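The values are calculated or read from the model by the stated rules, or taken from the named source; none is laboratory data. Bear in mind the structure is a predicted one, so any value in this text is a computation, not a measurement. Cβ sites come from the backbone with ideal geometry, for glycine too, and all protein chains shown count toward neighbours.
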Amino acid sequence: MTAGIVLQVAQTLLALLLAPLLIGWVNICRAWLQGRSAPPLLQPYYSLRKLFHKDATLAHEASPLFRFAPYMIFACMVLAAAIVPSLVNDLPFSPAADVIALVGLFALARVFQALAAMDIGTAFGSLGARREMLIAFLAEPALLMVFFTASLISQSTELPHIVERLAHQEFAIYPSLAFAAVAFWMVSTAENARVPVDNPTTHLELTMIHEAMILEYSARHLALIEWAVALKLYTYSVLGIALFLPWGIAAAGDYTSLPLALAALVVKLLLGGAALALLETINAKMRLFRAPEFLGTAFLLGVLGMLTHFLLEP
Amino acid sequence: MKARFGDIELKLTPQGGSSVWRFSLESARLRAFAQAIRDEGGQLIALWGSDDRHLGQGFALHTLYLSSQGLIWAHCPLPADDPAYPDLTGIFLQADRMQRACYDLLGIRAEGAVDTRKWLRHAAWHEKEHPLRKDFSACPPCPSAGTELDAYPFIRVAGDGVHEIPVGPIHAGVIEPGHFRFSVIGDKVLKLEERLGYTHKGIEKRFEGMDLLVGQRLAGRVSGDSHAAYSWAYCMAVEAALGLVVPERALWLRALFLEIERVANHLGDLGTLGNDVALSFGFAQFWRLKEEWLRLAARLFGHRYLFDRIVPGGVAADLSHTAALDAAAARLTDEVRELKAIYDEHAGVQDRFAHTGQVAPAMATRLGLIGLAGRASSQAWDLRVQFPHPPYDQLAVNMAIDRRGDVLARVEVRFAEVFESLRLIQEIVRRLPTGPVHAPLPAPGQVGEGLGCVEGWRGPIVVALRMGADGRLDRVHPHDPSWQNWPALEVGILGNIVPDFPLINKSFNLSYSGHDL
């Protein structure tokens, strides 16, 4: 039990540390692919340090909710990162929430984000919040469909059981997961405000979705939100790994394969980050009103995955 | 020479270059004349006023038209007390903001105008004060400045679910200031109203009493991205006023600078247009090309943006490495062709560009859309083609034209103009005449007036000026095509969604500084 708690703490700290690095890595890959010289890998850390050292500026109209929201969002993302098995399966926290609760956790963070954006009453805050909700209410059902497909295989919505079934029992090819994987990628780009749904690097306030909601934040509040954004991308990445590429995650109680698990995680994140950068480089951002079609397709693929499971994987 | 417009017959006096004609008419006939130009298919390209009371006259209203006969500079003398002229907005919609600015700066009224809201005046001076009048003094600062809030009555859209999004003048990126008031339902734009004038620097006032040579430096900085065009237009006006003949080689070099500037700006725009649809690849590549191009300019002529290379009397830089420029232009042509193929075949980019921000040809004619944006909406005006001043009369420029009027059309026109300008650069380099590049300015002796008009990368850049007998500038009016193109943006956005606005705005890429003056 003690070992489990130590590992749980270690995995959470690892998530906190690796998340900004993942963002840094994606930015490096993007720069390479575009033929630019790349920023340092540690740039996200430098930015966080800079932000934590600044004094926060608050709008006069800001209510306590506005100040509280960054802590809430950050806490949600840390908890989410702690629940998803990245190094070792079946940690003490894992039974605390299954995949459906995980979707709820993301939704909770989003609700606080949107409320905080509307709280100060600027045009861009409400504009971003409105668009974020449009994207979210389409993305969530699609994400649930992906999870249901994976749950059908393992007969459980608990992540440790899903990973256990896929990684540590006899190897099998599940066509349903292929559909689910594509749907998952589509949902992830929308949920993490990446190209082609949103553009994390834009300065054009009228085109923003996620960025429009955080325009009024500064200093430590902004740092926490930026860190939460990094954690969300990291959590989605390890979630994708757990569902579709779980090989390498140490089985419950198997402490000897931990170094191997760590190495596998890093390699998978490096590859995943490079793939994300590649997709972001070759795609343009779609017109906002195409996003519903995009997410509708993701939902459809999720449903197809479930149907495929019933047809091909009895 | 004589010309007929409707039942009005004019005796035209050539002024500064073969295709600028100048005449004077009483303000009562102004509307009839404007209507005749309109009926003939012409456009109003500039409207400004001047205070001529120190010359023993009253005020004057100047209008500049583009017609099949060339550029016509019409000048209406107005009385010294309560100067007014008939409103032209019923004939040329683009006159609206110019007339309002004219009132703010000089107190010359457009009689019968519907829209009499202030335009360039924010709260820096009092409503009753007019900075361009000769008796206005900016020192000490007018006591009323700052006491009045800038309350600008925007036109409201009423209805269920309509709300306003105010954007700017301070933006999230480092761009020029302008205020955009959107009336929207959800993300759909019902109306956009612009409020400009935030960068009003009093450039026209600053020109007064300035030396001719220093005037070029200020004129070139009216809108820095069009430096060569403004400098050339200014010098053309000065040379017309002085009757100075510029050496041929200098004229060819000026054209070379203008085309280099056009290529640099188009490359930058094509990159940022890619960036606005999140295709950072296009951004990085086009800006790499632009950077190499600017460095080449710096190496060959001593300045990246060719600042102050065009001076009254000729040019201040000569070209010795013709082979380097020729080779660079050829290489750039190939690289841009490669990138164009990527834009052309990218479904995501084409989806964002096509049918976005459309200004139909008929609407463009009504609005007086001009220059690059005009040519993307079937407005076939290009000074280098229709009224070529030397050396363009020997270069046979091909006009880029598109009928679609959307973002894609403006992108296509930019591509076509990059290729055409690169071809022109190569041709100029090969045919560059020999000889001196500068002629000394004659000593001034009398009051002189002149007008220069050059097809800059955005459209026709006009500089009209009058110099005193002491050889100093008395009144200079620089005109940017952004004046008539800004309102087209308000039309282009209609029916589009708010997140597409930055893309549409960038496809026009209009000048704030050149407009606000």
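Residues that are touching a residue at least 24 places away in the same chain (Cβ under 8 Å) and surrounded by 22 or more Cβ atoms within 10 Å (Cβ to Cβ): which strands (runs of 3 or more DSSP E) entirely in the range B:51-117 hold 3 or more of them?
Correct list: B:59-67, B:70-78.
Can you tell me which residue among A:PRO259, A:PRO246 is without any contact (Cβ under 8 Å) to a residue 40 or more places away in the chain and away from chain B (no Cβ under 14 Å)?
A:PRO259
Residues of the range A:287-306 being under 28 Å from B:VAL189 (Cα atoms) and either surrounded by fewer than 21 Cβ atoms within 10 Å (Cβ to Cβ) or within 14 Å of another protein chain (Cβ to nearest Cβ) (or both), which ones?
A:ARG287, A:LEU288, A:PHE289, A:ARG290, A:ALA291, A:PRO292, A:GLU293, A:PHE294, A:GLY296, A:THR297
Residue check, B:VAL167 against (1) modelled with pLDDT under 85; (2) aliphatic (A, V, I, L, M); (3) under 25 Å from A:GLU205 (Cα atoms), all met but one. Which one?
(1)
Looking only at the range A:191-220, count every residue that is touching a Pro at 6+ places or on another chain (Cβ under 7 Å) and over 14 Å from A:ALA114 (Cβ atoms) and tell me the total.
The total comes to 4.
Do we have B:LEU383 as surrounded by 19 or more Cβ atoms within 10 Å (Cβ to Cβ), touching a strand residue (DSSP E or B) at 6+ places or on another chain (Cβ under 7 Å) and within 24 Å of B:ARG97 (Cβ to Cβ) here?
Criteria met by B:LEU383.
State whether the residues of the range A:33-47 include one that is under 30 Å from A:ALA123 (Cα atoms) and either out of contact with any strand residue (DSSP E or B) (no Cβ under 9 Å at 6 or more places or on another chain) or surrounded by fewer than 17 Cβ atoms within 10 Å (Cβ to Cβ) (or both).
Within the range A:33-47 (the criterion being under 30 Å from A:ALA123 (Cα atoms) and either out of contact with any strand residue (DSSP E or B) (no Cβ under 9 Å at 6 or more places or on another chain) or surrounded by fewer than 17 Cβ atoms within 10 Å (Cβ to Cβ) (or both)), the answer is yes, since at least one residue qualifies.
If we scan the range A:53-62, do we find a residue that is among the β-branched types (Val, Ile, Thr), within 14 Å of chain B (Cβ to nearest Cβ) and over 30 Å from A:MET145 (Cα atoms)?
Checked against the condition, which is being among the β-branched types (Val, Ile, Thr), within 14 Å of chain B (Cβ to nearest Cβ) and over 30 Å from A:MET145 (Cα atoms), the range A:53-62 yields no hits at all.
I want to confirm something. Restricting to the range A:272-286 and keeping residues that are of a type in the set (Gly, Ala, Ser) and touching a residue at least 40 places away in the same chain (Cβ under 8 Å), which single residue is surrounded by the fewest Cβ atoms within 10 Å (Cβ to Cβ)?
A:ALA274
Would you be able to tell me the number of residues in the range A:28-46 that are touching a residue at least 12 places away in the same chain (Cβ under 8 Å) and in contact with a helix residue (DSSP H, G or I) (Cβ under 7 Å, 6 or more places away or on another chain)?
Number of matching residues: 10.
Conditions: (1) touching a residue at least 24 places away in the same chain (Cβ under 8 Å); (2) in contact with a Ser or Thr (Cβ under 6 Å, 6 or more places away or on another chain). B:GLU194 meets all but one. Number of the miss?
Unmet for B:GLU194, out of (1) touching a residue at least 24 places away in the same chain (Cβ under 8 Å); (2) in contact with a Ser or Thr (Cβ under 6 Å, 6 or more places away or on another chain): (2).
Of the residues in the range A:190-224, how many are under 21 Å from B:PRO502 (Cβ atoms), within 15 Å of the chain's Cα centre (by Cα) and in a helix (DSSP H, G or I)?
Number of matching residues: 2.
What number of residues within the range B:171-199 satisfy the criterion of being facing another protein chain (nearest Cβ under 9 Å) and either surrounded by fewer than 17 Cβ atoms within 10 Å (Cβ to Cβ) or within 28 Å of the chain's Cα centre (by Cα) (or both)?
Going through the range B:171-199 one residue at a time, the tally reaches 8.
On the basis of being basic (Lys, Arg) and either more than 20 Å from B:ALA284 (Cβ to Cβ) or outside the structural domain of B:PRO499 (by TED's automatic domain parsing) (or both), does B:ARG304 make the cut?
no
If B:LEU441 satisfies every condition in (1) outside the structural domain of B:GLU338 (by TED's automatic domain parsing); (2) crowded, with 20+ Cβ neighbours inside 10 Å; (3) among the aliphatic types (A, V, I, L, M) but one, which is the exception?
Of the numbered conditions (1) outside the structural domain of B:GLU338 (by TED's automatic domain parsing); (2) crowded, with 20+ Cβ neighbours inside 10 Å; (3) among the aliphatic types (A, V, I, L, M), the odd one out for B:LEU441 is (2).
Look through the range B:161-170, keep the residues that are crowded, with 16+ Cβ neighbours inside 10 Å and within 13 Å of B:THR199 (Cβ to Cβ), and return whichever of them is nearest to the other protein chains (Cβ to nearest Cβ).
B:GLY168
Check off (1) in a loop (DSSP other than H, G, I, E, B); (2) in contact with a Leu (Cβ under 7 Å, 6 or more places away or on another chain); (3) away from chain B (no Cβ under 14 Å) for A:ALA284 and give me the number that stays unchecked.
Unmet condition: (3).
Check whether at least one residue in the range A:245-257 is part of a helix (DSSP H, G or I) and in contact with a Leu (Cβ under 6 Å, 6 or more places away or on another chain), and report yes or no.
Among the residues of the range A:245-257, not one is part of a helix (DSSP H, G or I) and in contact with a Leu (Cβ under 6 Å, 6 or more places away or on another chain), which makes the answer no.
Residues checked against (1) touching a Gly at 6+ places or on another chain (Cβ under 7 Å); (2) assigned by TED's automatic domain parsing to the domain that holds B:PRO390; (3) within 20 Å of B:LEU47 (Cβ to Cβ); (4) crowded, with 20+ Cβ neighbours inside 10 Å:
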| position | (1), (2), (3), (4) |
| --- | --- |
| B:GLN446 | no, no, no, no |
| B:LEU451 | yes, no, yes, yes |
| B:PRO460 | yes, no, yes, yes |
| B:GLU490 | no, yes, yes, no |
| B:ILE497 | no, yes, no, no |
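Name the helices (runs of 4 or more DSSP H) wholly inside the range A:84-182 in which the number of residues that are closer than 30 Å to A:ILE209 by Cα is 2 or more.
Answer list for the range A:84-182: A:99-119, A:123-154.
In the range A:18-43, what count of residues is obtained for those that are farther than 17 Å from A:GLY272 by Cβ and away from chain B (no Cβ under 14 Å)?
3
So, of the residues in the range B:274-311 that are more than 13 Å from chain A (Cβ to nearest Cβ) and charged (D, E, K, R), which turns out to be farthest from B:ASN509 (Cα to Cα)?
By that ranking, first place goes to B:ARG299.
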